[in-house]
1. If I filter segment 109-131 down to residues being over 25 Å from Ala212 (Cβ atoms), open to solvent by less than 80 Å² (accessible area, probe 1.4 Å) and assigned to a helix (DSSP H, G or I), which single residue comes out as modelled with the lowest pLDDT?
2. Scan segment 132-151 for residues that are touching a Ser or Thr at 6+ places or on another chain (Cβ under 9 Å) and not in a loop (DSSP other than H, G, I, E, B) and jot them down.
3. Considering only segment 20-42, how many residues are open to solvent by 30 Å² or more (accessible area, probe 1.4 Å) and either of a type in the set (Val, Ile, Thr) or without any contact (Cβ under 8 Å) to a residue 40 or more places away in the chain (or both)?
4. I want to confirm something. Restricting to segment 43-70 and keeping residues that are touching a Phe, Trp or Tyr at 6+ places or on another chain (Cβ under 8 Å), open to solvent by 60 Å² or more (accessible area, probe 1.4 Å) and within 14 Å of Ile22 (Cβ to Cβ), which single residue is modelled with the highest pLDDT?
5. Kindly list the number of the only condition in (1) surrounded by 12 or more Cβ atoms within 10 Å (Cβ to Cβ); (2) modelled with pLDDT under 85 that fails for Leu76.
Amino acid sequence: LCVTDLANILFCTDETEFRNFIVWLEDQKIRHYKIEDRGNLRNIPSSGWPKSFEQYLQDVNCPFTVEERQESVDWLLGLAVRLEYGDNVEKYKNCPPATATEAAKPSDPLIHLDSSNPDFKAGVLGLASLLKIQRHDDYLVMLKAIRILIQERLTPEAIAKASQSKEGLPVALDKHILGFDTGDATLNEAAQILRLLHIEELRDLQTRINEAIVAVQAVIADPKTDHRLGKVGR
């Protein structure tokens, strides 16, 4: 069946073309009704067509309603494909699998998400809360931040790298000036060690701050996002 691209265009734009498309699916592929029982569905101009379509969805056991147009069409297409394959098993079972060409590069999956969907918003908020990521008005921006954090911190490779023990270099305490004298050589050495440990902690903190700045810049530097306007695009 070469109808997927056609359906993506028709059911979102022209009502007459959408109805013709449904009739074509029933006549040519699904064939649930007998020919003489398809009259109501074929009556494209009728004001009662939506009711006929609703009854058709029920008759083919579609789990979606007429209000869920995109979902119902997608389900009908799947049904048509299954029936087409069932009628021509020998024809299709030996077809070579489609191979991806070099020109067909995977696109960003975030582009195709419906950011207005309540389930999508709830899922993103749940992840952001779990990962302690600051809330943003644009849910796609939040999802990008979540993806960056997971890629950099929570992948098996990142966790394994973070778990590796670090062997420090030997330090000669006599080469580091304490700056004061406690009057006790042992206390002086302990103070020197504490100061070196504190400096190391400050360096690690600065590294983490720099990584956080880079991660934030990777999200907000998207040219498609105008945070002053609170929307994506021009």
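1. Checking each candidate, the answer is Phe120.
2. Scanning segment 132-151 gives Tyr139, Leu140, Val141, Leu143.
3. 13
4. Asn43
5. The single condition Leu76 does not satisfy is (2).
The values are calculated or read from the model by the stated rules, or taken from the named source; none is laboratory data. Keep in mind that what you see is a predicted model, and the values were worked out from it rather than measured. For neighbour counting, all protein chains shown are included, and Cβ atoms are generated from backbone atoms with ideal geometry for every residue, glycine included. Side chains are part of the model used for accessible areas, which takes the heavy atoms of the whole protein and leaves out ligands, DNA and RNA. Shrake-Rupley method; radii C 1.70, N 1.55, O 1.52, S 1.80 Å.
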